[in-house]
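The values are calculated or read from the model by the stated rules, or taken from the named source; none is laboratory data. Everything quoted here is computed from the prediction, not taken from an experiment. Cβ placement follows ideal geometry from the backbone for every residue including glycine, while neighbour counts extend to all protein chains displayed. Protein only, heavy atoms only, side chains kept; ligands, DNA and RNA dropped before computing areas. Shrake-Rupley method; radii C 1.70, N 1.55, O 1.52, S 1.80 Å.
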Amino acid sequence: MRPGKRHRVLPGFPLALGYTLFYLALIVLIPLSAVFLKSATLNWEQFWSTVSAPRVVASYRVTFGTALLAAAINGVFGLIFAWVLVRYSFPGKRVVDALVDLPFALPTAVAGIALTAIYAGNGWLGQWLEPLGVKVAFTPLGILIALTFIGLPFVVRTVQPVLEDLDTELEEAAVSLGADRWQTFRHIVLPALLPALLTGFALAFARAVGEYGSVIFIAGNVPMVSEITPLLIISKLEQFDYAGATAIAVVMLVVSFVLLFLINGLQIWTNRSRER
Amino acid sequence: MSIRVEKIVKRFGQFVAIDNVTLDFPTGQLVGLLGPSGCGKTTLLRIIAGLESADAGRVFLEGEDASDTHVRERQVGFVFQHYALFRHMTVFDNVAFGLRIKPRGQRPAESAIRERVGQLLDLVQLAALAQRYPAQLSGGQRQRIALARALAVEPRVMLLDEPFGALDAKVRKELRRWLRSLHDALHFTSVFVTHDQEEALEVSDQVVLMNHGRVEQVGTPTQVYEHPATPFVYGFLGAVNLFHGWVQGQHLDVAEGRLPLNYGNFPAGTEALGFVRPHELDIATDLADPSGFVAQVERILAFGSTARVELTGAHGEPRRLYEVELSRERADALNLSAGQRVRLKPARIRLFPPEQVAEVSIRILGGLGTQKATH
């Protein structure tokens with residue numbers, strides 16, 4: 001035995017770590033750096049004018065605005081959904097539980113066409129909503145609905161296991177101390193679920209920002225109104241403006257990264273304020 | 001504040017958890033609900049608290065019918081086996097919780113809350129840990145915090161569900177003593193659930209023994225230990241040597257021989273099961289002595305103030321086991337050795353009709369596990 005060599009119980013550490021790093025580089029880091037390198041073929045002025053064109057800026061607003069809003073809506077309703085699935089038993093519960101994953105499994109184009117068919121002016125729901133002055137298809141509202149649809153499973157599936165582990169004794173203890181339903185939820189249940197809820201929110205948001213297939217059908221892609229950023233990237237690619245496309249991609253990447261970083265920070269902060 | 005439950009019935013599907021139970025818990029007393037797991041004791045406690053609703057029957061708190069009162073308004077303090085502390089709150093915030101959530105009109109000022117929580121933490125001797133989180137405390141400390149939290153809202157009664165069940169033996173014993181002294185200082189009416197007979201006998205003013213959803217006996221620890229009303233109580237409260245035979249005048253004729261009875265309310269010729277506690281059996285080294293019966297010493301466990309002797313008899317296949325508890329002085333005087341043949345002489349036999357015993361699983365001889373009483 002060589003002196004100074006530490007023996008680990010778990011074998012294969014160098015190999016496993018080396019493989020992980022190689023894989024990460026190959027699958028994630030190299031393609032991402034390609035985006036930066038490609039956009040670097042533009043000089044600063046060209047880059048800036050591309051990414052700050054009014055139509056592009058409007059698309060950021062639509063993309064990030066609807067994605068955040070959709071994630072927030074899913075945060076609320078996904079929580080209710082998870083609550084119902086964990087806390088109550090009812091006939092068909094397993095079916096409902098399985099249906100939650102449908103937005104995962106469904107090809108996004110199918111989801112887009114289905115939603116458009118329902119919400120278009122002559123669709124099942126659209127024909128009732130339009131006379132009321134609520135236009136869903138081909139507006140940001142339509143985008144919001146599509147993003148809410150695809151984001152739901154993320155929140156449900158992250159909150160569900162945590163809620164299952166949450167001891168009902170905690171709620172009983174709170175109630176025996178005189179807490180009403182809202183106080184029990186606000187002070188006992190919500191703090192316990194918050195980290196999982198934030199994770200679900202972050203995942204739903206990340207998915208919504210990058211969503212393309214289900215959105216382009218229902219969005220109508222009206223410039224300055226209902227055009228999402230991924231669509232602009234595609235249209236630049238179609239015009240062989242590769243550098244322009246990657247420039248916008250870089251902006252999306254950076255903004256997404258910053259937002260996820262903030263959400264992660266929030267998560268660490270909520271974790272730190274409990275158990276230590 | 002007295003508690004009364006009247007004709008409580010609770011079913012879970014086909015299983016009858018509580019079968020028509022009527023009980024009184026007098027003001028200021030610490031009552032132990034004792035029984036094997038699944039006997040309905042925890043369910044009864046939860047029904048008193050309002051965490052569970054009975055299928056039939058009423059619960060009275062201080063003489064007023066509280067059956068339909070929500071837990072929130074019942075003003076009962078509940079302590080859980082696994083503490084149920086709020087993990088994301090400090091010890092201080094845990095104890096303050098019940099006060100802080102009171103409606104605006106009834107809520108004490110923050111300074112008053114601080115003072116009250118401080119007092120409670122002093123009471124449970126954990127004031128130094130006020131800013132810690134539950135995860136940083138030991139089991140015993142957590143349960144004391146849980147108790148302080150329940151006391152903060154000045155409950156009318158305290159209900160404790162196996163409060164020391166999750167703790168190790170030493171801490172358990174300390175906390176038992178501490179709970180008793182706390183109760184003597186504050187005199188709240190409390191009910192606690194346990195499956196540990198030693199704990200129940202040591203801590204309670206009154207012991208309620210439950211089995212299969214029914215009350216077997218209610219009494220002071222001395223009463224239930226000295227005068228068990230049913231074979232179940234006899235078997236549950238300690239180790240037992242069992243003798244099966246027929247009553248003949250002042251004797252019980254058993255396979256081992258003829259055992260003298262010191263009371264005779266059984267008619268001659270009746271079949272009966274005799275219960276003898278280990279300390280009620282004496283050992284005689286003189287084999288010529290005509291009373292008692294012969295057995296062989298297997299093991300002698302001598303530590304502390306008593307010595308336990310395990311013996312096997314000459315009868316039965318496998319051979320019957322007996323346990324005898326002697327004082328150290330007596331054991332030293334006898335100077336027993338393993339393999340020695342001696343005579344066992346019961347000083348007191350308690351008789352039960354066999355059909356009463358057949359229903360009940362009795363722990364025969366402590367440490368040998370549970371055996372079905374057979375005859």
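Annotations
Residues are listed down the side, and each one gets a yes or a no for (1) part of a helix (DSSP H, G or I); (2) at pLDDT below 90; (3) surrounded by 13 or more Cβ atoms within 10 Å (Cβ to Cβ):
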position	(1), (2), (3)
A:G65	yes, no, yes
A:N74	yes, no, yes
A:T116	yes, yes, yes
A:W124	no, yes, no
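- Those residues of the stretch B:183-200 which are surrounded by fewer than 20 Cβ atoms within 10 Å (Cβ to Cβ) and either without any contact (Cβ under 8 Å) to a residue 60 or more places away in the chain or within 25 Å of B:F12 (Cβ to Cβ) (or both), in sequence order: B:D184, B:A185, B:L186, B:H195, B:D196, B:E198
- Complete set of residues in the stretch B:130-157 that are more than 20 Å from B:R100 (Cα to Cα) and not charged (D, E, K, R): B:A135, B:Q136, B:L137, B:S138, B:G139, B:G140, B:Q141, B:Q143, B:V157
- The lone exception for A:A173 - which of (1) open to solvent by less than 20 Å² (accessible area, probe 1.4 Å); (2) in contact with a Ser or Thr (Cβ under 9 Å, 6 or more places away or on another chain); (3) without any contact (Cβ under 8 Å) to a residue 60 or more places away in the chain it fails: (2)
- Which listed residue, of B:G77, B:G50, B:G40, is more than 14 Å from chain A (Cβ to nearest Cβ), touching a strand residue (DSSP E or B) at 6+ places or on another chain (Cβ under 9 Å) and either of a type outside the set (K, R) or open to solvent by less than 50 Å² (accessible area, probe 1.4 Å) (or both): B:G40
- Residues being more than 24 Å from B:R11 (Cβ to Cβ) and open to solvent by less than 10 Å² (accessible area, probe 1.4 Å) - total across the stretch B:205-236: 8
- One residue stands out in the stretch B:92-140 among those that are surrounded by fewer than 20 Cβ atoms within 10 Å (Cβ to Cβ) and of a type in the set (S, T, Y): the one that is nearest to the other protein chains (Cβ to nearest Cβ), namely B:S138.
- Qualifying residue in the stretch A:182-195 (condition: more than 14 Å from chain B (Cβ to nearest Cβ), in contact with a Leu (Cβ under 8 Å, 6 or more places away or on another chain) and open to solvent by less than 40 Å² (accessible area, probe 1.4 Å)): no
- Restricting the stretch B:145-193 to residues that are of a type outside the set (A, V, I, L, M, F, W, C) and within 15 Å of B:Y83 (Cα to Cα), the residue that is nearest to the other protein chains (Cβ to nearest Cβ) is B:R149.
- Complete set of residues in the stretch A:162-183 that are touching a helix residue (DSSP H, G or I) at 6+ places or on another chain (Cβ under 8 Å), assigned to a helix (DSSP H, G or I) and more than 17 Å from B:A146 (Cβ to Cβ): A:V162, A:L163, A:E164, A:Q183
- In summary, B:N262 fulfils each of the numbered conditions (1) without any contact (Cβ under 8 Å) to a residue 24 or more places away in the chain; (2) in contact with a Lys or Arg (Cβ under 9 Å, 6 or more places away or on another chain) with the single exception of condition (1).
- When B:L167 is tested against (1) within 24 Å of the chain's Cα centre (by Cα); (2) surrounded by 19 or more Cβ atoms within 10 Å (Cβ to Cβ); (3) within 27 Å of A:Q183 (Cβ to Cβ), exactly one condition is not met: (3).
- Residue among A:G265, A:G220 that is over 30 Å from A:A120 (Cβ atoms), more than 14 Å from every other protein chain (Cβ to nearest Cβ) and either modelled with pLDDT under 90 or touching a Pro at 6+ places or on another chain (Cβ under 7 Å) (or both): A:G265
- Verdict on A:A146 being in contact (Cβ under 8 Å) with a residue 24 or more places away in the chain and in a loop (DSSP other than H, G, I, E, B): no
- Residue ID - farthest from B:V276 (Cα to Cα), chosen from residues in the stretch B:290-305 that are outside any strand (DSSP E or B) and open to solvent by 30 Å² or more (accessible area, probe 1.4 Å): B:G304
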